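The values are calculated or read from the model by the stated rules, or taken from the named source; none is laboratory data. Bear in mind the structure is a predicted one, so any value in this text is a computation, not a measurement. Cβ placement follows ideal geometry from the backbone for every residue including glycine, while neighbour counts extend to all protein chains displayed. Areas reflect the complete protein model, heavy atoms only, side chains present, ligands, DNA and RNA absent. Shrake-Rupley method; radii C 1.70, N 1.55, O 1.52, S 1.80 Å.
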Amino acid sequence: MADKKIGVYICTGCEIGENVNMEKVTEYIDEECSPAVMKQVPFLCGKEGLAQIQNDIDGEGVNRVCVAACSPRVMWDVFDFGPDVVVDRANIRELAVWSFHDPGLPEPEEDEMSDPLTMMVRDYIKMSVAKLDRKTKPEAEPIELDKTIMVLGGGLTGLTAALDTAETGYDVVLVEKEDKLGGFAAKMYKQTPTKHPYEKAEAPSINELISRVEANDKIKVMTKTSLQLIKGAPGKFKATVKQGDEEQVLSIGSVILATGWKPYDASKLDSLGYGKIKNVVTNVELEQLAKNGKLNRPSDGQPVLSAAFIQCAGQRDAEHLSYCSSVCCMGSLKQAGYIRELNDEAKAYIFYKDMRTPGVYENYYRAAQDDPGIFLTKSEIQEVTEGENGKVLVKVTDNLLGEDFEVEVDLLVLATGMVPTIADEPVLKLGYRLGEQIPDLDLFDGFAD
Amino acid sequence: MSNNSILVIGGGFSGLTAALEAAEVGHEVFIVEKMPYLGGRVAQLKHYFPKLCPPSCGLEINFQRIKNNPRVKYFTLAEVVGVSGGPGNYEVKIRIKPRYVNNNCTACDKCVEVCPVERNSDFDFNVGKTKAIYRPHLMSFPMRYVIDDQVCEGTSCAKCVEACEYQAIDLEEKEKEITLNVGSLLVATGWVPYDVEKLTNLGGGQIPNVITNMQLERLAAPAGPTDGKIQRPSDGAEPKRIAFVQCAGSRDQNHLDYCSYICCMASLKHCTYIREQYPDAEVVIYYIDLRAPGRYEKFLNNIQQDEKVLMVKGKVAKIEEEPGSGDVIVTAEDIMGGLKVEERFNLVVLATGMQPSIAVEDLALDVAKDDQGFIIGGEEKGVFAVGCAKMPLDVMTSAETATGAALKAIQTVRR
Ligand SMILES: Cc1cc2nc3c(=O)[nH]c(=O)nc-3n(C[C@H](O)[C@H](O)[C@H](O)COP(=O)(O)OP(=O)(O)OC[C@H]3O[C@@H](n4cnc5c(N)ncnc54)[C@H](O)[C@@H]3O)c2cc1C
Ligand SMILES: Cc1cc2nc3c(=O)[nH]c(=O)nc-3n(C[C@H](O)[C@H](O)[C@H](O)COP(=O)(O)OP(=O)(O)OC[C@H]3O[C@@H](n4cnc5c(N)ncnc54)[C@H](O)[C@@H]3O)c2cc1C
Ligand code: SF4
Ligand code: SF4
Ligand code: SF4
Ligand code: SF4
């Protein structure tokens with residue numbers, strides 16, 4: 001860039017002129033910074049004001065402009081003199097004139113001192129000029145970036161990300177540690193409604209998604225593959241992955257973390273009968289039983305004619321998972337439907353703290369409420385015990401009626417929660433001094449920040 | 001060859017996010033906003049959960065991104081009046097209403113001093129007033145005044161024109177129409193508060209000391225009509241007992257046939273506003289289910305620590321004014337927590353829900369809606385709904401839908 005030539009333009013509009021001793025300001029700036037040009041303009045953002053600045057740029061070769069006027073929040077589009085002129089805004093309007101309240105200090109004794117507001121204004125201008133004097137125009141140094149994107153995890157999230165990335169025109173490497181794509185969604189019997197009117201469970205759409213991913217020639221799918229190490233920087237990563245015994249290094253620009261979740265360790269829920277009573281299962285296990293067409297009692301293979309669901313089995317509980325898993329209310333409504341599907345007389349009881357089916361999912365909740373075979377109640381679980389003939393006894397206090405009651409069911413389902421995979425594993429394997437994970441403020445119970 | 005530009009209808013949080021995401025990967029984007037400012041409903045909040053930041057925080061970042069990005073162009077006071085063509089090649093007609101105040105406006109406020117006409121402030125949900133010429137709100141973007149031509153006396157008055165030293169006011173400005181060619185459209189028209197007048201059993205719009213959750217946001221906002229003081233509308237008194245009525249109009253087949261998603265969280269947030277000003281005030285929240293899903297549970301836990309906040313499961317049947325005192329009597333179903341059936345409060349807040357704005361005011365765009373007014377189609381046409389135009393959502397999830405839809409729009413125009 002050519003030699004720096006600084007112009008200082010002080011607006012006297014917007015109550016600035018009336019409140020500031022401009023003579024003192026200009027005298028001071030001249031002495032301290034001696035800019036090439038300094039002007040006071042009544043209405044700097046107006047046509048004439050701008051023309052004055054432009055004239056000095058064209059005529060005097062001013063290439064650095066201090067606009068001593070309003071906040072850069074406003075008039076940002078007006079004070080723009082093209083790419084070769086550096087502009088700095090000394091915000092003397094909002095930060096000084098408009099916000100200053102006279103503290104009622106005694107008049108300054110020494111003659112050269114100004115009143116506080118005038119001193120503020122001249123200091124803002126001085127700082128701005130100092131900035132302009134030292135600033136150099138940044139020159140872009142474009143580097144070749146890798147445009148391939150790595151998606152880590154091939155569940156519903158990873159598959160969707162891979163497909164959308166590819167359809168936008170980028171190459172994708174999809175890394176999945178298991179031998180199959182689909183994550184938990186591929187293990188589900190049905191899925192909760194995804195479309196208006198949100199009333200009925202649907203056949204899972206995951207297989208269609210998997211086929212589309214596999215058919216897309218921009219996506220390279222690597223199953224049974226584990227990530228070993230990521231080095232480098234955004235746009236320039238080197239990722240080492242291992243498939244079988246073979247290691248390769250991939251050049252990638254960006255990583256999408258989609259490694260999903262693990263079920264909460266149900267063995268910690270023995271107080272609810274898990275591990276002690278055979279016919280107590282988790283919602284994850286139930287999903288698999290239904291998927292495999294074996295929705296019978298685990299103890300003896302007898303049909304399930306009644307089931308109870310305990311919501312928040314561990315979630316919303318400081319001793320287990322302090323957060324709400326968001327999906328398990330919907331999940332149990334869906335699974336209650338599985339039970340109802342088995343037999344017209346089958347009954348499902350759902351014991352909840354709050355039914356969390358926010359937004360449009362309310363419709364699904366309403367549909368379940370309309371089913372005479374599904375009983376929903378806000379309650380506290382008192383005790384889970386084993387009954388006769390493989391039955392499970394659940395004793396609850398109905399919070400609405402304030403009464404205790406007991407149900408005897410063939411199957412008790414614990415609606416357990418989801419724990420993020422990244423909670424205790426360094427999934428990203430970053431080769432950074434800061435550690436293998438992205439440093440996190442740990443605000444969200446193990447979920448990525 | 002398809003047109004590479006994208007049009008975003010609605011400049012709330014969702015629309016801004018979608019527009020910026022698309023612009024920052026190189027597409028030209030137009031935002032069409034019908035209000036005189038960008039930012040949508042979020043601009044009206046005092047704080048937003050979960051972090052309780054002032055709205056200017058998230059919004060200013062986005063405005064900064066707009067300022068630095070020549071690919072984003074926005075129109076305020078603008079509405080779509082006609083759309084023709086198809087994906088990759090739409091022609092959109094936009095009507096821009098006169099603002100009567102041009103670029104010269106420096107926000108000096110001189111015009112407001114002389115304007116003789118007052119109007120109810122829609123921004124403050126009528127708890128405050130402005131002049132006929134006014135600043136949309138303290139952090140308005142763009143920071144430019146505007147005249148409400150429904151109430152302005154026009155050229156026969158012109159006092160503001162005289163007072164304006166910057167020739168910023170043109171009372172004769174006319175409506176304009178422009179045409180834009182774009183490849184894809186994003187609908188981010190958001191929500192309106194459900195009309196409380198319809199909640200007659202809850203005293204909606206009838207009883208002075210029964211207000212809505214959005215009115216409470218304005219009462220509590222530092223730049224609001226009471227400078228942030230939460231007070232009773234009838235007499236300005238400090239409320240000592242306050243009730244929140246959840247699902248006011250939501251989850252109700254006669255009103256909004258869905259859950260509005262955020263009003264449980266909003267009322268919990270409002271407890272923090274009240275506590276900030278009134279350490280001893282008692283609060284009762286009448287709810288059906290406390291919906292603080294996912295990570296919001298922590299927020300609920302914090303409010304549950306407050307011994308003076310009582311959460312009661314039960315549906316409110318009736319709300320009446322007590323003659324004389326201005327107090328409000330709430331009749332609820334007999335419920336668990338040992339409260340009487342009738343309780344007296346100084347102030348009652350109706351946690352009203354979010355209704356899609358196009359359910360109230362139709363959009364000149366052919367796109368499928370459900371019976372409640374949420375958009376349920378359009379993908380095949382290169383039209384994508386985001387945020388609360390699609391379903392009731394919080395800001396964070398709205399922004400996520402916006403990012404996702406921006407990607408879909410990009411795919412459409414790159415085809
Ligand atoms: C009982 C139950 C029922 C549910 N029912 C529904 C429903 O009906 N509808 C619905 O919308 N949601 C439902 N959900 C929620 C749903 O399961 C999740 O939202 C969904 O699984 C999230 O998908 P994901 O891809 O993020 O994670 P996951 O499905 O967990 O997929 C993650 C993938 O990443 C892989 N992976 C993990 N670690 C690594 C690694 N280090 N390297 C490479 N790959 C890795 C995994 O093998 C897996 O394939 C239910 C949840 C439960 C508990
Ligand atoms: C009382 C209350 C408190 C809340 N508090 C929080 C909170 O603390 N945290 C949180 O995350 N969420 C909160 N929310 C929810 C939050 O307000 C929404 O998530 C958010 O506003 C959604 O943004 P949006 O852009 O989709 O819609 P909006 O904010 O409604 O924006 C839509 C924009 O489109 C414009 N528009 C409408 N129609 C047209 C048209 N035809 N043409 C052109 N423009 C149009 C509107 O003027 C507006 O600017 C709260 C909601 C309520 C009711
Ligand atoms: S069961 Fe319902 S309330 Fe409980 S954690 Fe799951 S979604 Fe949340
Ligand atoms: S219109 Fe004129 S008088 Fe009013 S705020 Fe803008 S510049 Fe000032
Ligand atoms: S012309 Fe209109 S806006 Fe201006 S002062 Fe008169 S009434 Fe107010
Ligand atoms: S978020 Fe809460 S108050 Fe709002 S409709 Fe849903 S359950 Fe009712």
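Restricting attention to the stretch B:387-402, the residues being more than 15 Å from B:Asp370 (Cα to Cα) and away from ligand 3 (no atom under 16 Å from the Cβ) number 9. Reported count of residues in the stretch A:233-242, each being of a type outside the set (D, E, K, R) and open to solvent by 40 Å² or more (accessible area, probe 1.4 Å), is 2. Restricting the stretch B:106-135 to residues that are within 13 Å of another protein chain (Cβ to nearest Cβ) and assigned to a loop (DSSP other than H, G, I, E, B) leaves a set whose member that is nearest to A:Cys45 (Cα to Cα) is B:Thr106. For A:Val396, the requirement of being within 30 Å of A:Tyr338 (Cα to Cα), in the same structural domain as A:Tyr338 (by TED's automatic domain parsing), outside any loop (DSSP other than H, G, I, E, B) and touching a helix residue (DSSP H, G or I) at 6+ places or on another chain (Cβ under 6 Å) is not met. As a summary of the residue check, A:Asp56 satisfies the conditions (1) touching a Leu at 6+ places or on another chain (Cβ under 9 Å); (2) acidic (Asp, Glu); (3) open to solvent by less than 40 Å² (accessible area, probe 1.4 Å) except for the one numbered (1).
Yes/no matrix, rows are residues, columns are (1) within 14 Å of another protein chain (Cβ to nearest Cβ); (2) within 37 Å of the chain's Cα centre (by Cα):
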{"site": "A:Lys278", "(1), (2)": "no, no"}
{"site": "A:Thr282", "(1), (2)": "no, yes"}
{"site": "A:Asn296", "(1), (2)": "no, no"}
{"site": "A:Val304", "(1), (2)": "no, no"}
{"site": "A:Ala307", "(1), (2)": "no, yes"}
{"site": "A:Arg316", "(1), (2)": "yes, yes"}
{"site": "A:Ser326", "(1), (2)": "yes, yes"}
{"site": "A:Asp344", "(1), (2)": "no, no"}
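Residue-by-condition table, conditions (1) out of contact with any strand residue (DSSP E or B) (no Cβ under 7 Å at 6 or more places or on another chain); (2) open to solvent by 40 Å² or more (accessible area, probe 1.4 Å):
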residue: A:Leu174; (1), (2): no, no
residue: A:Lys177; (1), (2): no, yes
residue: A:Ala185; (1), (2): no, no
residue: A:Tyr189; (1), (2): yes, yes
residue: A:Pro193; (1), (2): no, no
residue: A:Ala203; (1), (2): yes, yes
residue: A:Leu209; (1), (2): yes, no
residue: A:Met222; (1), (2): no, no
residue: A:Ser226; (1), (2): no, yes
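Filtering the stretch A:427-447 to residues that are surrounded by 14 or more Cβ atoms within 10 Å (Cβ to Cβ) and within 12 Å of chain B (Cβ to nearest Cβ) leaves A:Phe444, A:Asp445, A:Gly446, A:Phe447.
Per-residue answers, yes or no, for (1) open to solvent by 20 Å² or more (accessible area, probe 1.4 Å); (2) within 16 Å of ligand 4 (Cβ to nearest atom); (3) touching a residue at least 60 places away in the same chain (Cβ under 8 Å):
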site: A:Ala266; (1), (2), (3): no, no, yes
site: A:Ser271; (1), (2), (3): yes, no, yes
site: A:Leu286; (1), (2), (3): no, no, yes
site: A:Asp300; (1), (2), (3): yes, no, yes
site: A:Ala308; (1), (2), (3): no, no, yes
site: A:Gln315; (1), (2), (3): no, no, yes
site: A:Cys328; (1), (2), (3): no, no, yes
site: A:Ser332; (1), (2), (3): no, no, yes
site: A:Arg340; (1), (2), (3): yes, no, no
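The set of residues in the stretch A:316-362 that are assigned to a strand (DSSP E or B) and within 16 Å of ligand 6 (Cβ to nearest atom) contains only A:Tyr352. Suppose the filter is at the interface with chain B (Cβ under 9 Å from one of its Cβ atoms), within 13 Å of ligand 3 (Cβ to nearest atom) and open to solvent by less than 30 Å² (accessible area, probe 1.4 Å); does A:Met355 pass it? The answer is yes for A:Met355.
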